[in-house]
Amino acid sequence: MRVLVFSYQVFGLINVSTTIIVLSLLLISHFKSNNRATFTQLNRYSINNLAVMTSIQLENIKTELLKNVDLRGDALQKITVEVLDQRVPYYNWTGLYWMNDLKSQLELGAYVGAATDHTSIPYGRGICGQVALSGATFEVPDVHAQDNYLACSLATKSEIVVPIYAEDKLVGQIDIDSHELDPFTTEDHELLEWVAQFIADRL
């Protein structure tokens, strides 16, 4: 009987040790892998330890913005940039620029973040200026890899600019700066394109 008990205890210790070794190897494998996304919570993921947007968070933000559906113009735009800033941790500067075709420049509207000297931006200059000409979304995973980049802050590492169209006319853009490298996902694109239309419908 003592031999059996001893054998059982030894076998149990071996199983525990084996489990610990396997888990350790899996953890090491994870850190060495090239996989960028790791499940962390029910409705959020992590990219390089950065919580990024999922479809659930996207819908939650839309729902929150739709509470202000009766607002128009500046009032709506101010609340919109505030909601984006509050709800998305890697949106470190969130603002709107508006087209002034007579002067061929963008002019700063509502924003949340550090004060900027770029209250007006000539068409073609920087990421925003390029979008003013192309009329297409421009995502920059690493701003330091861009030649035509207008630096607003030394902390900015990535940027996304989404055009705003009103009745098929390019009238402005949403500009997001992030202190993280390559944080933007498909959900960010979907959200910001939805927000652009949401604003355009309520100018």
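List of remarks:
- Scanning segment 152-188 for residues that are over 10 Å from the mean Cα position of the chain (by Cα), modelled with pLDDT of 95 or more and surrounded by 19 or more Cβ atoms within 10 Å (Cβ to Cβ) turns up 156, 157, 161, 162, 163, 164, 172, 173, 174, 175.
- Condition broken by residue 86, with the remaining ones in (1) at pLDDT below 95; (2) on the phi < 0 side of the Ramachandran plot satisfied: (1)
- Within segment 93-116, the only residue that satisfies the criterion of being under 22 Å from residue 147 (Cα atoms), touching a residue at least 24 places away in the same chain (Cβ under 8 Å) and assigned to a loop (DSSP other than H, G, I, E, B) is 116.
- There is no residue in segment 113-129 that is buried (at least 21 other Cβ atoms within 10 Å of the Cβ), closer than 16 Å to residue 197 by Cβ and modelled with pLDDT of 95 or more.
- Contact annotation: residue pairs with Cβ atoms under 7 Å, 6 or more positions apart or on different chains, pairing a residue in segment 180-203 that is assigned to a helix (DSSP H, G or I) with a partner that is basic (Lys, Arg), are 194/62.
- Candidate set: segment 71-91, residues that are hydroxyl-bearing (Ser, Thr, Tyr) and in a loop (DSSP other than H, G, I, E, B); chosen: the one surrounded by the fewest Cβ atoms within 10 Å (Cβ to Cβ): 90
- Residue match in segment 94-103 (condition: more than 17 Å from residue 82 (Cα to Cα), assigned by TED's automatic domain parsing to the domain that holds residue 71 and touching an Asp or Glu at 6+ places or on another chain (Cβ under 6 Å)): yes
The values are calculated or read from the model by the stated rules, or taken from the named source; none is laboratory data. The structure displayed is predicted, hence computed values, not measured ones. Ideal geometry is used to build each Cβ from the backbone, glycine not excepted, and the neighbour counts take in all protein chains shown.
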